[in-house]
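To start, the structure under review is shown below, and the notes come after it.
Every number here is computed from the coordinates shown, using simple stated rules; none is lab data. The structure displayed is predicted, hence computed values, not measured ones. Cβ placement follows ideal geometry from the backbone for every residue including glycine, while neighbour counts extend to all protein chains displayed.
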Ligand SMILES: [Zn+2]
């Protein structure tokens with residue numbers, strides 16, 4: 001371990017962390033590859049085309065064979081390709097004590113998740129197929145337009161409809177009123193307001209020992225959620241830092257930005273997907289016995305193109321996410337200034353706790369961070385926090401107008 005590393009593990013923990021990191025990386029790229037191989041295999045073996053013709057004979061109504069074909073495809077992807085990797089990861093997390101969820105409960109969560117994918121994914125594929133039949137050249141554009149309200153509705157409904165399927169939530173004030181009071185002091189500094197009704201506690205301790213907090217929802221459903229593990233097991237100053245980081249996401253409208261960039265990115269992704277799929281079809285369509293993208297087997301070509309593009313574009317979304325997370329770290333540390341005794345030390349201690357709880361790799365390879373990390377590494381976050389002190393160095397805080405020694409209740413500079 002290099003000298004000067006702030007985030008440190010015991011040798012035993014470091015071994016486990018290294019093993020977990022390798023496994024996570026292997027499963028990450030392994031499942032991407034497995035999805036590509038399944039889709040390419042369905043086409044190369046002629047199975048996709050054959051299945052389409054079998055369904056044509058079996059079902060007289062086109063919608064029946066479309067629904068079955070797409071549901072079967074999604075079930076194959078989820079159940080055969082992705083589930084084994086998830087199970088492998090779960091076993092490893094149980095072994096190191098990060099997860100305490102038993103297999104029956106885990107399997108139930110997975111099956112519910114798969115059901116959701118089928119219920120949401122099948123109509124989406126039906127719609128894309130319908131568009132490709134009617135407008136072979138502009139389908140990507142119509143699909144993108146239709147996707148906007150769906151993305152917005154998804155973000156709006158996620159915390160109220162989807163998240164409660166998997167976990168239990170309750171108002172933070174019901175169990176941790178003193179934490180709400182302290183957090184209100186931090187929020188008051190931002191010049192904005194996060195009402196206590198928008199702070200929730202998630203019962204994560206039922207399933208594991210990881211520590212976390214997050215922001216979810218849109219507009220009327222926007223909220224800050226703290227895992228009960230975090231609220232119950234971390235010192236209050238460190239929880240305040242985590243909440244201050246989350247309030248940064250909240251106040252700086254990171255979710256809305258993320259959704260906006262997601263919508264813009266979707267436009268590019270959909271156009272590229274249709275171009276690549278059309279090219280694949282010209283290249284191998286005859287061998288695959290696929291006539292057009294607007295056929296059932298043509299949709300397999302489209303999904304293959306989408307999976308290829310998603311795999312290679314992964315670092316783009318992650319790089320944007322790391323920038324946003326770094327902003328929230330800066331914001332969190334500035335928001336705590338004057339409220340906790342030593343913001344730098346508090347933030348470093350919080351990162352140490354988070355890293356240990358998840359057995360984060362203390363020294364991930366730069367390429368791995370670039371390609372797969374949606375947050376900066378714990379090591380770099382701790383190192384930044386330790387050195388970030390704009391008050392005593394005569395610099396200006398980035399988000400707050402407070403001068404050194406000024407009123408801690410100073411207002412937000414950039415809302
Ligand atoms: Zn964050």
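Kindly provide the Kirkwood hydrodynamic radius of segment 142-271 in Å, to one decimal, from all pairs of distinct alpha carbon atoms. Mind dumping the intermediate values first?
Working: mean 1/r = 0.0635 Å⁻¹.
The answer is 15.7 Å.
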Percent of beta bridges antiparallel (DSSP, the chain, rounded to nearest 5): 65 percent
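Please give the peptides 292-303, 232-243, 42-53 ranked by average Cβ packing (other Cβ atoms within 10 Å per residue), highest first, as a rough proxy for protection.
Sorting 292-303, 232-243, 42-53 by mean packing, highest first, produces 292-303, 232-243, 42-53.
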Segment 154-220, Kirkwood Rh and Cα Rg, ratio Rg/Rh at 0.98
So, for the Cα atoms of segment 219-268, Rg and Dmax in Å stand at 14.3, 45
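Order the peptides 205-215, 144-154 from the highest to the lowest mean number of other Cβ atoms within 10 Å of their residues.
On the way: 205-215: 18.2, 144-154: 13.6.
In decreasing order of mean packing, 205-215, 144-154 become 205-215, 144-154.
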Degrees between helix 343-358 axis and first principal axis of the chain (Cα, 0 to 90, nearest 10): 40 degrees
Cα-derived Rg to Rh of the chain, Kirkwood definition: 1.01
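Report the rotationally averaged projected area of segment 13-97 based on its alpha-carbon convex hull, in square nanometres. Each step should come with its number before you reach the end.
Numbers: hull surface 26.3 nm².
The number I arrive at for segment 13-97 is 6.6 nm².
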Roughly how tilted is helix 11-44, in degrees to the nearest 10 and between 0 and 90, from the longest Cα axis of the chain? 20 degrees
Descending principal axes extents, segment 281-386, alpha-carbon based, whole Å: 69, 25, 20
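Looking at the square roots a ≥ b ≥ c of the eigenvalues of the Cα gyration tensor of segment 143-186, which shape do they give, rounded for a/c under 1.5, prolate if a/b is larger than b/c, or oblate? Please report the intermediate quantities before stating the final value.
On the way: a/c = 6.41, a/b = 2.24, b/c = 2.86.
Because a/c hits 1.5 or more and a/b fails to exceed b/c, segment 143-186 counts as oblate.
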Going by Cα centres, segment 140-208 and segment 74-109 are how many Å apart? 25 Å
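If you average 1/r over all unlike Cα pairs in segment 265-305 and invert the result, what Kirkwood radius do you get in angstrom?
Details: mean 1/r = 0.0997 Å⁻¹.
Kirkwood radius, segment 265-305: 10.0 Å.
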To the nearest whole percent, what portion of all C-alpha pairs in segment 1-158 is separated by more than 27 angstrom? 45 percent
Going fewest to most other Cβ atoms within 10 Å around each Cβ, 289, 222 line up as 289, 222
Please give the Cα centre distance for segment 22-37 versus segment 291-328, rounded to the nearest Å. 15 Å
Packing-based order for 378-388, 249-259, 162-172, using average beta carbon neighbours within 10 Å, highest first: 378-388, 249-259, 162-172
What would the Debye formula give as log10 I(q)/I(0) at q = 0.17 Å⁻¹ for the alpha-carbon point model of segment 71-160, no solvent? -0.88
Counting just the Cα atoms, what span does segment 224-323 cover along each of its three principal axes? Round to the nearest Å and put the largest first. 64, 25, 20
Expressed as a whole number of Å, what is the distance separating the alpha-carbon centroids of segment 244-265 and segment 329-387? 19 Å
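Regarding segment 295-356, what whole-number volume in Å³ per residue does the convex hull of its Cα atoms give? Walk me through the intermediate numbers first.
On the way: hull volume 7.6 nm³, N = 62.
Spelled out: Cα convex hull of segment 295-356, divided by residues, is 123 Å³.
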What do you get for the angle between helix 296-336 and the principal long axis of the chain? Use alpha-carbon atoms, 0 to 90 degrees, nearest ten. 10 degrees
Hey, in the GNM for the chain with a 10 angstrom Cα cutoff, which one of 58, 199, 336 fluctuates hardest? 58
